[in-house]
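To keep things clear, I will list the structure first and then write my remarks on it.
The values are calculated or read from the model by the stated rules, or taken from the named source; none is laboratory data. The model shown is predicted, which means the values in this text are computed figures rather than measured ones. Note that each Cβ is placed from the backbone with ideal geometry, even for glycine, and that neighbours are counted across all protein chains shown. Each accessible area value is taken on the protein alone, full model and side chains, heavy atoms only, with ligands, DNA and RNA left out. Shrake-Rupley method; radii C 1.70, N 1.55, O 1.52, S 1.80 Å.
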Amino acid sequence: MVREVLGFLPLHGGGIIVDGTLGTGGHSLAILQHSPAPARLIGFDRDPESLEFARQRLQPFSDRITLAQGEFGEITAVLAGLGVSTVDFILLDLGFSSFQLASPGRGFSFQRLDPLDLRMNRREGAPLKDWLARAGETEIAGVLREYGEERWAGRISRALIQARTEGRLNDTQDLVQAVYRAVPPRFLEKRLHPATRTFQALRILINDELRQLERFLEQFLELLTIGGRVCLIAYHSLEDRLIKRAFRNLEQGRAPFDDSLPGPLAVEPAGPKVFRRLVKKPVLPGAEEVLLNPRARAAKLRVGQRLGTG
Ligand SMILES: C[S@@+](CC[C@H](N)C(=O)[O-])C[C@H]1O[C@@H](n2cnc3c(N)ncnc32)[C@H](O)[C@@H]1O
């Protein structure tokens, strides 16, 4: 979605651009090439390993970039730490990267033999194996259902508990085998690996991904200059639904997660319109991009803009 994002960059050529999911710096590199000085870019990621990679890659632009390790759920604090309180453009390209997927030892891929970790920042929090060692059957099923929208959540959860009891839940392939044992053979899909939803659910849990996004959606508007824009790319419906809901509420002058209907006695009018969606329907990737990168097929880009307060 790089080309689509570039189309929404500030037109005046200056300003501060934030990439809050720097990854290996692909979007940031294109943004820097596309927006000449004096535009500056602040890039951050919660994953120190990705950050190091991006730092090397963006070296030619070192005089126009500031890179930091941090979470977009704490964006206000991350920027304040850099002495910045308002910015002109914010990009979040959510989820995990191909770099993380391919990195040995991290546990993101069901096609690799890796430890059960799944943390985006391996210096913080506890790995998946700790949670799997103590979670109960109902808790596991709830996570698979809620974060993975997994139809076979109950059966998979039972298979995981059984594998744990038998000492067969020690790495990513043990996890995959438990899923295979749980899903009835006639429901094994050809298009989607049966462990896809389980891995997604557990990744969202371990990295508290939805809470991070909610916290970001509560903060970003205050950080944007008037006319400033936000581009958010989601890869699954749980994220996209949160963004859609927050954008709609903000556009109606409400707090991002205030869905209350105005009652007959309501005296408070909705606030002034300070936000508008720049596209009503999400922008989807082109066929060419999906061909080159099948992981992009689920991407949905939503874009909004801060308006004046009058
Ligand atoms: C899809 S990748 C971004 C790829 C990037 N646009 C590029 O071109 O290389 C998502 C990135 O977001 C990071 N990430 C996920 N949640 C985050 C959070 N709450 N705060 C900061 N970074 C986060 C991941 O570590 C990962 O590197």
| query | How large is the charge dipole for the chain, taken about the Cα centre, if only the Cβ atoms of Lys, Arg (+1) and Asp, Glu (-1) carry charge, to the nearest 20 debye? | reply | 860
| remark: proj_area_mean for the range 121-206 (convex hull on C-alpha atoms), units nm², value 5.5
| request: Can you pull a Stokes-Einstein diffusion coefficient for the range 18-77 at 4 °C (1.567 mPa s), Rh from Kirkwood over Cα pairs, as a whole number of µm²/s? | output: 115
| With no solvent and one point per C-alpha, what does the Debye sum give as log10 I(q)/I(0) for the range 32-161 at q = 0.09, 0.11, 0.21 Å⁻¹? | -0.39, -0.55, -1.30
| said: I'd like to check one number: the per residue accessible area of the chain, probe 1.4 Å, reported in Å² as a whole number. | reply: 49
| For q = 0.10, 0.12, 0.16 Å⁻¹, Debye-computed log10 I/I(0) when each Cα of the chain counts as one equal scatterer | -0.62, -0.86, -1.32
| said: Past 32 Å, Cα to Cα: identify those pairs from 129/190; 190/280; 273/300, in the order given. | reply: 190/280
| task | Would you mind calculating the gained length between residue 126 and residue 188 on full extension (0.36 nm times residue separation, minus the Cα-Cα distance), in nm to one decimal? | result | 19.2 nm
| said: Which GluC sites (Glu not before Pro) in the range 125-203 sit in a loop by DSSP (not H, G, I, E or B) and have at most 13 other Cβ atoms within 10 Å of their own Cβ? | reply: 166, 189
| message | Testing the spin-label approximation: label points 7 Å from Cα along Cα→Cβ at residue 279 and residue 245. State their distance in nm. | response | 2.3
| Counting only the heavy atoms of the protein chains, how much of residue 76 is accessible to a 1.4 Å probe, in Å² to the nearest 10? | 60
| message | So the label point goes 7 Å from the Cα of residue 165 along Cα→C-beta, right? Which residues of the range 109-144 then have their backbone N under 14 Å from it? | response | 136-138
| message | Going by amide H atoms built from the backbone, whose H comes under 5 Å of the H on residue 228, apart from near neighbours? | response | 306
| task | At 7 Å along the Cα-to-beta-carbon direction for both residue 254 and residue 34, put a label point, then send me their distance in nm to one decimal. | result | 3.3
| said: For residue 295, project a label point 7 Å along Cα to C-beta. Then give me every residue of the range 113-139 with its amide nitrogen under 20 Å of that point. | reply: 113-123, 128
| note | the chain: relative contact order from alpha carbon pairs under 8 Å, six or more residues apart, as a whole percent, is 17
| message | Could you work out [θ]222 nm for the chain from helices alone, using -39500 (n - 2.57) per DSSP H run of at least four and dividing by all its residues? Round to the nearest 500 deg cm²/dmol. | response | -12000 deg cm²/dmol
| said: Given a 1.4 angstrom probe, I'd like the percentage of the accessible area of the range 44-156 that is carbon and sulfur, rounded to a whole number. | reply: 50
| note | Sorted list, accessible surface of protein heavy atoms, 1.4 Å probe, largest first, for 2, 303 is 2, 303
| request: Set the Förster distance to 30 Å, then compute FRET efficiency between residue 55 and residue 211 from the Cβ-Cβ distance, nearest 0.05. | output: 0.65
| task | Please list 12, 193 in order of solvent-accessible area, largest first, computed with a 1.4 Å probe with all protein chains present. | result | 12, 193
| message | Could you tell me the calculated FRET efficiency between residue 226 and residue 63, based on Cβ-Cβ distance and R0 = 30 angstrom, to the nearest 0.05? | response | 0.60
